[in-house]
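To start, the structure under review is shown below, and the notes come after it.
The values are calculated or read from the model by the stated rules, or taken from the named source; none is laboratory data. Since the structure is predicted, the reported quantities are computational estimates derived from the model, not experimental observations. Don't worry about glycine lacking a Cβ; one is built from the backbone with ideal geometry, like all the others, and counts go over all protein chains shown.
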Amino acid sequence: MTMLHTVNKSPFEKDSMTSCLRLSADGSSILLIEDGVYAALEGTAMSDSVKAAMKNRKVYALQEDINARGVEGKVMDGIEQVDYAGFVKLVTEHDKVQSWV
């Protein structure tokens, strides 16, 4: 069974991303949306944890939320940026969706 985890809170304000990384299973996918896209940025306190998770999880970030926050070009390598159609595709490709709020 495949699971898509969505994180919409900044990792610098809440521990949703930390909990997601700790509890998500190998082979699952993580989609960063809204303020959750801050976890995708290179050179932050969260970068090493996200990079470690990317060894056995696929991490995505919603392009529209990256643009809305003005952090284009700061997303770390290995994170796939998706648009809203890609968000819908991810939901349909996974058996379950877990939202971390």
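Structure above, values below:
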| quantity | calculated |
| --- | --- |
| Selected residue [touching a helix residue (DSSP H, G or I) at 6+ places or on another chain (Cβ under 8 Å), of a type in the set (A, V, I, L, M, F, W, C) and modelled with pLDDT of 95 or more] from Leu23, Leu41, Leu90 | Leu41 |
| From Arg69, Arg57, residue being among the basic types (Lys, Arg) and crowded, with 18+ Cβ neighbours inside 10 Å | Arg57 |
| Count - residues of segment 87-96 that are part of a helix (DSSP H, G or I) and over 13 Å from the mean Cα position of the chain (by Cα) | 5 |
| Filter result for Glu72 (among the charged types (D, E, K, R), within 19 Å of Gln98 (Cβ to Cβ) and in contact with a helix residue (DSSP H, G or I) (Cβ under 8 Å, 6 or more places away or on another chain)) | no |
| Enumeration of residues in segment 18-51 that are among the aliphatic types (A, V, I, L, M) and within 21 Å of Gly73 (Cα to Cα) | Ile30, Leu31, Leu32, Ile33, Val37, Ala39, Ala40, Leu41, Ala45, Met46, Val50 |
| Selected residue (criterion: nearest to Met1 (Cα to Cα)) from residues of segment 52-81 that are part of a loop (DSSP other than H, G, I, E, B) and charged (D, E, K, R) | Arg57 |
| Residue list for segment 22-51, restricted to those being in a helix (DSSP H, G or I) and touching a residue at least 12 places away in the same chain (Cβ under 8 Å) | Glu34, Asp35, Gly36, Val37, Tyr38, Ala39, Ala40, Ser47, Ser49, Val50, Lys51 |
| Residue that is farthest from Gln98 (Cα to Cα), among those in segment 10-21 that are assigned to a helix (DSSP H, G or I) and of a type in the set (S, T, N, Q) | Thr18 |
